[in-house]
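Chemist: Dumping the structure here so I can ask a few things about it.
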Amino acid sequence: MAEADADVCFKKDTVSKLLSSFFTEDKTKLGGDAALLMAEMLQIFVKEAAVRSQKQAESEDCDQVDIEHFEKILPQLLMDF
Amino acid sequence: MSSDPNETRQRLKAAVHYTVGRLCQKTGQDLRVEFSRQVIAAITETTYRQCDIFAKDLEAFARHAKRSTVSVEDVKLLARRSKALSNYIQNKSEELTQEQKELKKKSTGKRKSKDIEEESRE
């Protein structure tokens, strides 16, 4: 992949639509800056999930991250966010 | 985007799945660790559901401040649980405002110089 070095991030529109789809009231809107900041927040969430799972796999001497590794780090991950 | 809510949801999930996949790949490439497809799907599902919680919180924060638009302040409040995270989000938001100030100042000048650059390339 050529653009693997570039910073991978969620698109602003995706975040905006994603969050808007969960709002309970129709009149609630998401500000532009807030959407950008939420994209950053979600990126951190996914990165944390990936890095923690990877560390768990590493501590068990596995070279593939499997669902059991993710399951082990999930409770703490959810408590941190 | 489609008006069918179910299809919209599928498309949003697909978009999240794509970014999660790339982020995992990027995380694993230094140590040559691979993430199984199941893990990527699970992280996607978790992120999607976490978004539900985030969105409801943001909405409540905005309503508490008697606003109908979610602002940067609400996002900062969302990141309150972890000190490191809230510092990071604080810095990012300052960066954003700084960038926008510069954009506003230079917007006319920058656009002109970009146009000139593109023209000279052609």
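Chemist: With B:82, B:86 as the choices, which residue is at the interface with another protein chain (Cβ under 7 Å from one of its Cβ atoms), at negative phi, of a type in the set (Gly, Ala, Ser) and out of contact with any Pro (no Cβ under 7 Å at 6 or more places or on another chain)?
Modeler: B:82
Chemist: Would you check which residues across segment B:1-42 are touching a Phe, Trp or Tyr at 6+ places or on another chain (Cβ under 7 Å), of a type in the set (Val, Ile, Thr) and over 18 Å from residue A:22 (Cβ atoms) and list them?
Modeler: B:39
Chemist: For segment B:41-60, name all the residues that are out of contact with any helix residue (DSSP H, G or I) (no Cβ under 7 Å at 6 or more places or on another chain) and open to solvent by less than 20 Å² (accessible area, probe 1.4 Å).
Modeler: Across segment B:41-60, the qualifying residue is only B:59.
Chemist: Tell me, please, whether a residue that is among the aliphatic types (A, V, I, L, M) and closer than 30 Å to residue A:64 by Cα can be found in segment B:1-10.
Modeler: No, the conditions are met nowhere in segment B:1-10.
Chemist: Return the pairs, sorted by first residue and then second, in which the second residue is among the aromatic types (Phe, Trp, Tyr), the first residue lies in segment A:53-66 and is closer than 16 Å to residue B:38 by Cβ, the beta carbons are less than 6 Å apart, and the residues are 6+ apart or on different chains.
Modeler: Close Cβ pairs satisfying both conditions: A:53/A:70; A:65/B:35.
Chemist: Now for a different question. Between B:95, B:45, which is acidic (Asp, Glu) and at pLDDT 95 or above?
Modeler: B:45
Chemist: Out of all the residues in segment A:6-18, which are within 8 Å of chain B (Cβ to nearest Cβ) and either over 19 Å from residue B:24 (Cα atoms) or open to solvent by 60 Å² or more (accessible area, probe 1.4 Å) (or both)?
Modeler: A:11, A:17, A:18
Chemist: Residues in segment A:19-35: is at least one more than 7 Å from chain B (Cβ to nearest Cβ), open to solvent by less than 50 Å² (accessible area, probe 1.4 Å) and among the aliphatic types (A, V, I, L, M)?
Modeler: Yes.
Chemist: Next question, about the same structure. If you take just the helices (runs of 4 or more DSSP H) that sit entirely in segment B:1-112, which of them hold at least 2 residues that are more than 19 Å from residue A:30 (Cα to Cα) and among the small types (Gly, Ala, Ser)?
Modeler: Counting at least 2 such residues, we get B:5-29, B:37-64.
Chemist: For segment A:49-70, how many residues meet the condition of being polar (S, T, N, Q), facing chain B (nearest Cβ under 7 Å) and farther than 13 Å from residue B:42 by Cβ?
Modeler: 2
Chemist: Restricting segment A:36-48 to residues that are within 8 Å of chain B (Cβ to nearest Cβ) and within 21 Å of residue A:75 (Cα to Cα), which is most open to solvent (accessible area, probe 1.4 Å)?
Modeler: Among residues in segment A:36-48 that are within 8 Å of chain B (Cβ to nearest Cβ) and within 21 Å of residue A:75 (Cα to Cα), the one most open to solvent (accessible area, probe 1.4 Å) is A:47.
Chemist: Further question: Take the residues in segment B:1-30 that are open to solvent by 90 Å² or more (accessible area, probe 1.4 Å) and either under 22 Å from residue A:77 (Cα atoms) or not hydrophobic (A, V, I, L, M, F, W, C) (or both); name whichever of them is nearest to the chain's Cα centre (by Cα).
Modeler: By that ranking, first place goes to B:18.
Chemist: Return only the number of the condition from (1) at the interface with chain A (Cβ under 7 Å from one of its Cβ atoms); (2) surrounded by fewer than 13 Cβ atoms within 10 Å (Cβ to Cβ) that residue B:38 does not satisfy.
Modeler: Here residue B:38 clears every test but (2).
The values are calculated or read from the model by the stated rules, or taken from the named source; none is laboratory data. Since the structure is predicted, the reported quantities are computational estimates derived from the model, not experimental observations. No Cβ is skipped: glycine too gets one built from the backbone with ideal geometry, and neighbour counts run over all protein chains shown. Ligands, DNA and RNA are excluded from the accessible area calculation, which covers all protein heavy atoms including side chains. Shrake-Rupley method; radii C 1.70, N 1.55, O 1.52, S 1.80 Å.
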